[in-house]
Amino acid sequence: MARARRIPDDLARQQADQPAGDVAHFGTDEPLVLDAGISLAPFQIAYRTYGTLNAERSNAILVCHALTGDQHVASENPVTGKPGWWDIMIGPGKPIDTDRYFVICTNVLGGCMGTTGPASTDPSTGQPYGLSLPLITIPDMVRAQAMLVKRLGIDTLFSVVGGSMGGMQVLQWAAQYRDAVFSAMPIATAARHSAQNIAFHEVGRQAIMADPEWRGGRYLAEGTRPSAGLAVARMAAHITYLSDAALHRKFGRRFQDRDAPTFSFDADFQVESYLRYQGEAFVERFDANSYLYVTRAMDYFDIAADHGGSLARAFAGTRTRFCVVSFTSDWLFPTADSRQVVHALNAAGASVSFAEITSDKGHDAFLLDEPELFAITRGFLESAARARGIA
Amino acid sequence: MTAVPGPIRADYLVVSRLIQPGSRVLDVGCGDGGLLKLLRDEKGVDGRGIELSREGVNRCVAEGLAVIQGDADTDLAFYPDNAFDVVILSQTIQATRAPRVVLEHMLRIGRQAIVSFPNFGHWRLRYQLVTRGRMPTSENLPYHWYDTPNIHFCTIRDFVDLVREIDAVIDHSTALDAAGREVRVDAPWWFWNLFGEQAVFKLSRAR
């Protein structure tokens, strides 16, 4: 079976407090009031930028990452050494063209790549926060991003773009800071997390918490890691990012490095080997408690509930231009979820485009080589740029 | 939604003439966005579209048009009253499941509605049915009976009846012959119904 490249444990660990790239520090004079009712201060936001902010400060695009993503969207990941997770979409001449736009990507609150999260050191104790960090919500993440955007001197974002949990942040931005969002591109996402998705997340969390090395969340202080639990969580989640057709196309029932079953519980099938690899690679770069926090934030997400049960009300009177995208084989955030957002935006009288892209790659399609997604992103941003007067 | 193939559509030009510059327009069944683009570039309209085919939608969105993938029969219900100045349905009403409901929604969502449709009363179609005893086809209606998306054909007179039935007012009407020229303006309905290959109506709600 393929082995994950060993990444020295402290390489991922040190990112939590001293990340590669830029860091914005917010002191006790600038607390972040969390939905949980607690003020977080001090805290920090790790971020990367690409391209140049124009003189009018009108060309900034905030890219929001998904559950296990990070701020290294279009540059080498400091832990894995791999290209940025949306390198295919963002860069000079690419659909999100860094020759034209100023791209900002932050690590989310609760993450483990430098923005304050459970793996960060609690300044009041000198120990990692662990479970003493208050629960985080998607609106909390967005409020933190808004503080950074303000500090960067940007009043209005030209666009907010993201897929999956990144798309949730996009919708939250549009609902919460409508005048600061000129255009918005929520991709493969929903305005609320479904019961099925909460259920999948719970499986992942239980896998982590069932690992004795989790130590009630104090594993960092005690020098262990719940690697087995986190790997299982990742394996289960990874299946939901693909599709039956994609798994079949990639692996079928083919054996891994053998011609016949071994009559054992070894990874006989390629698909097993692949999942084990995904699990092992993931634990090298991601913090288990972060996984608990960020999945929980997604579970709590429900924009309509925050607006008297009406999604249309959340967007009433918005002047933001929206482009909603879904994929035919995405069963984690199916087209029906996107259509619900579109209907609410129509009811709110918003300017909205909505495209469902044919793909058998499942939820992950938004991260992959999907020429139609690129054409749509490019076209949508071009027309928005014309309307915004960006050269 | 069906779009009649062809590079220039005479009905687009008629529709365009009926639109006030700067209006808010919803084009239902906007195809590849040809009309929306024309209206955006010529009339500076704030245009939105609905299109059934994914290919059509994706082309529109890549062109920067605000178009959603959707269905006139199911998605118009989600738009609020008076959201648009004009709602356009060009060459699509015959492909809807419930043309009457669609038309009523259009007049609810928009202050005015513009509908263009192929006239099944055109003499050439009548002639084909009478002489050959077969379902008519034409350059603008190239489908066979078994593969056509057009399930609710009507004649100009049928359409006028429906307009009366739903209590709408005809603000303007034009019939175009097979060459895309306007049929004599002062001609009676029966003449239009015979020689108009397609018709364009502008409707509003009865006051």
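The values are calculated or read from the model by the stated rules, or taken from the named source; none is laboratory data. Owing to the predicted nature of the structure, the values given are computational and were not obtained by experimental measurement. Using ideal geometry, Cβ is built from the backbone for each residue, glycine included, and neighbour counts are taken over all protein chains shown.
Of all residues in the stretch A:56-114, those being of a type in the set (F, W, Y) and out of contact with any His (no Cβ under 9 Å at 6 or more places or on another chain) number 2.
Any residue that is crowded, with 17+ Cβ neighbours inside 10 Å and either within 25 Å of the chain's Cα centre (by Cα) or not assigned by TED's automatic domain parsing to the domain that holds A:G110 (or both) - is there at least one of those in the stretch A:256-263? Yes, that holds for at least one residue.
Considering B:E55, B:E42, the condition of being assigned to a helix (DSSP H, G or I), more than 12 Å from every other protein chain (Cβ to nearest Cβ) and surrounded by fewer than 20 Cβ atoms within 10 Å (Cβ to Cβ) is satisfied by B:E42 alone.
Only one entry in A:I96, A:I38, A:I90 is under 16 Å from the mean Cα position of the chain (by Cα) and not assigned by TED's automatic domain parsing to the domain that holds A:V283, namely A:I90. From the list A:S273, A:S290, the lone residue that is within 16 Å of A:P226 (Cβ to Cβ), of a type in the set (S, T, N, Q), outside the structural domain of A:D35 (by TED's automatic domain parsing) and part of a helix (DSSP H, G or I) is A:S290. Does any residue of the stretch B:85-102 turn out to be closer than 22 Å to A:V341 by Cβ, more than 14 Å from the chain's Cα centre (by Cα) and touching a residue at least 12 places away in the same chain (Cβ under 8 Å)? No: zero hits.
Can you name the residue in the stretch A:346-362 that is buried (at least 24 other Cβ atoms within 10 Å of the Cβ) and in contact with an Asp or Glu (Cβ under 7 Å, 6 or more places away or on another chain) and, of all such residues, is farthest from the other protein chains (Cβ to nearest Cβ)? The selected residue is A:G362.
Is it true that some residue in the stretch A:129-141 is crowded, with 17+ Cβ neighbours inside 10 Å and touching a strand residue (DSSP E or B) at 6+ places or on another chain (Cβ under 6 Å)? Yes, the stretch A:129-141 contains a residue that is crowded, with 17+ Cβ neighbours inside 10 Å and touching a strand residue (DSSP E or B) at 6+ places or on another chain (Cβ under 6 Å). The set of residues from the stretch B:142-192 being aromatic (F, W, Y) and closer than 18 Å to B:I93 by Cβ comprises B:Y143, B:F153, B:F159, B:W192. Residues in the stretch A:317-345 that are among the aliphatic types (A, V, I, L, M) and assigned to a helix (DSSP H, G or I) were compared, and the one that is farthest from the other protein chains (Cβ to nearest Cβ) is A:A336. Tell me whether the stretch B:190-206 contains one or more residues that are in contact with a Phe, Trp or Tyr (Cβ under 7 Å, 6 or more places away or on another chain), surrounded by 15 or more Cβ atoms within 10 Å (Cβ to Cβ), without any contact (Cβ under 8 Å) to a residue 60 or more places away in the chain and not polar (S, T, N, Q). Checking the stretch B:190-206: not a single residue is in contact with a Phe, Trp or Tyr (Cβ under 7 Å, 6 or more places away or on another chain), surrounded by 15 or more Cβ atoms within 10 Å (Cβ to Cβ), without any contact (Cβ under 8 Å) to a residue 60 or more places away in the chain and not polar (S, T, N, Q).
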